[in-house]
Amino acid sequence: MSGPTTYVPKSKIGRWFESRLPVMGLAHSSFVAYPTPRNLNYMWTFGAILSFMLIAQIVTGVVLAMHYVGSPKEAFTSVTDTIMRDVNYGWLIRYMHTNGASLFFLAVYIHMFRGIYYGSFKPPRELLWIIGVVIYFLMAATAFLGYVLPWGSMSFAGATVITNLVSAIPLVGNSIAHWLWGGFAVGGPTLTRFFALHYLLPFIIAAVVGLHVWALHVAGQGNPDGVEVQSVERDTVAFTPYATIKDVFALSVWLILYAWLIFYIPNYLLDADNSVIANPLATPSHVVPEWYLLPFYAILRAIPNKLIGVIALFAAIAILAFLPWLDRSPVKSAKYRPTFRFFFWIFVAICIGLGWLGSQEPTEGTTLIARFLTIGYFGFFIIIMPLLSFTEKTRPIPPSIADAVLAKKAAATPVATPAE
């Protein structure tokens, strides 16, 4: 929970306001006096990085929406000509938004892998993890909708391929597809709907992030050793300045990467086919989504049956919400689970492999490999995690966070040798 606040306004007006709406007291207890485990490493700075990236995406998205024209005849030129050439610093805002999406997903993937490695999904943080999975799903939907808006060749093809998948859903699939299209094929009404949803979803994401932070302050932060706080005095430190310094440093490094992408290679992560205006009669030879959705695209293509492929696509994300019940090991952190750690890095390699396969043109060989990796992806959750929960031999865990920190310091301190 948030730590006790000692904030007392100095002015009479401040005290009057605080007694009626304690906003500053809430901020002080949440971001200044909040008790933070003293053993957190830099993997715990991605919460601050993600918060910054979300704000950057919303701000740049609102500015872009002021100049974007959501019609098939003008959407492409409004992006490539109006925004990039006529709007003051429009090129900068657009590159911040497009590259920001990639960095947003990169930070999310690191954040999620960290959560799996250190067992951040286990009690008492199950709901915190599930809310995080909901945020990721909303992000994926928002990214797909935004990818369609430039109305380039790849945008149009991607919208056609993905929305057609919805029609595989029994009974309601065709109705949903027609609603998304606004007719019987991808066209102007589709673009209008996607623009409206793409503008709305980031604000929903921000609201769900608020719930995520609330749940975090109720359950408390996890830590690399997976040991719960036993004593606030011994096991924790104040959020500010200890965690804040780490967050500021990590965010500064992240901003250097952000600036490098924007100013040196702004188009590196963009598909060249999307620089050509959409033409329903000319489809790109190889349709691919953005890099951050490639693993799921590979899973979709690996399954020959359309309906089962769609189910597997959504199941690949939905299964993450069930991790608290799939991994029942009482030891949270992989630091003390050597066998789990081995399979975890295999799982990371599987995800990277699926991402690469999703970017390649489908052949008999790549499809076969993708099927094996898809089995490995789901096998990690359905077979490996439950099996290790009861069979793995774990290392002894420290009794408290303070003991873990002291043991680490003792191991790092060189032993003095007596002078001869």
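Some observations on this one:
- Considering residues of region 225-244 that are hydrophobic (A, V, I, L, M, F, W, C) and in a helix (DSSP H, G or I) only, the residue surrounded by the fewest Cβ atoms within 10 Å (Cβ to Cβ): Val232
- Taken residue by residue, region 83-97 has no member that is assigned by TED's automatic domain parsing to the domain that holds Asn279, closer than 19 Å to Val276 by Cβ, surrounded by fewer than 18 Cβ atoms within 10 Å (Cβ to Cβ) and out of contact with any helix residue (DSSP H, G or I) (no Cβ under 9 Å at 6 or more places or on another chain).
Every residue, every condition in (1) more than 26 Å from Gly158 (Cα to Cα); (2) of a type in the set (S, T, N, Q), yes or no:
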{"position": "Val287", "(1), (2)": "no, no"}
{"position": "Leu294", "(1), (2)": "no, no"}
{"position": "Asn305", "(1), (2)": "no, yes"}
{"position": "Ile308", "(1), (2)": "no, no"}
{"position": "Leu313", "(1), (2)": "no, no"}
{"position": "Val331", "(1), (2)": "yes, no"}
{"position": "Trp345", "(1), (2)": "yes, no"}
{"position": "Ala349", "(1), (2)": "yes, no"}
{"position": "Trp356", "(1), (2)": "no, no"}
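- Condition met for Leu180 (in a helix (DSSP H, G or I), under 28 Å from the mean Cα position of the chain (by Cα) and under 18 Å from Tyr297 (Cβ atoms)): no
- All positions within region 69-116 that are of a type in the set (Gly, Ala, Ser) and modelled with pLDDT of 95 or more: Ala75, Ser78, Gly90, Gly100, Ala101, Ser102, Ala107, Gly115
- Which numbered condition Asn279 fails, given (1) touching a residue at least 12 places away in the same chain (Cβ under 8 Å); (2) outside any loop (DSSP other than H, G, I, E, B); (3) surrounded by fewer than 20 Cβ atoms within 10 Å (Cβ to Cβ): (2)
- Residues of region 331-351 classified as surrounded by 15 or more Cβ atoms within 10 Å (Cβ to Cβ), small (Gly, Ala, Ser) and part of a helix (DSSP H, G or I), total: 1
- Consider region 118-129 and keep the residues that are in a helix (DSSP H, G or I) and buried (at least 21 other Cβ atoms within 10 Å of the Cβ). The one that is nearest to the chain's Cα centre (by Cα) is Trp129.
- Filter result for the condition that a residue is at positive phi, out of contact with any strand residue (DSSP E or B) (no Cβ under 7 Å at 6 or more places or on another chain) and at pLDDT 95 or above, over Gly182, Gly119, Gly132: Gly119
- Yes/no for Arg328 being surrounded by fewer than 20 Cβ atoms within 10 Å (Cβ to Cβ) and either basic (Lys, Arg) or modelled with pLDDT under 95 (or both): yes
- Matching residues, region 167-189, being out of contact with any Lys or Arg (no Cβ under 7 Å at 6 or more places or on another chain) and either touching a residue at least 40 places away in the same chain (Cβ under 8 Å) or of a type in the set (A, V, I, L, M) (or both): Ile169, Pro170, Leu171, Val172, Ile176, Ala177, Ala185, Val186, Gly187, Gly188
- Of residues in region 352-378 being surrounded by fewer than 18 Cβ atoms within 10 Å (Cβ to Cβ) and under 19 Å from Ala321 (Cα atoms), the one nearest to the chain's Cα centre (by Cα): Phe378
- Within region 245-276, considering residues that are modelled with pLDDT under 95 and in a helix (DSSP H, G or I), the one surrounded by the most Cβ atoms within 10 Å (Cβ to Cβ): Asn274
- If the condition is being surrounded by 12 or more Cβ atoms within 10 Å (Cβ to Cβ) and aliphatic (A, V, I, L, M), then region 163-184 contributes Leu165, Val166, Ala168, Ile169, Ile176, Ala177, Leu180.
- Some residue of region 130-151 being closer than 30 Å to Gly210 by Cα, hydrophobic (A, V, I, L, M, F, W, C) and in a loop (DSSP other than H, G, I, E, B): yes
- Listed conditions (1) assigned to a helix (DSSP H, G or I); (2) over 27 Å from Phe121 (Cα atoms); (3) hydroxyl-bearing (Ser, Thr, Tyr) are all met by Tyr297, apart from (2).
The values are calculated or read from the model by the stated rules, or taken from the named source; none is laboratory data. All values derive from a computational prediction rather than experimental measurement. Every residue, glycine among them, receives a Cβ derived from its backbone with ideal geometry; neighbour counts consider all protein chains shown.
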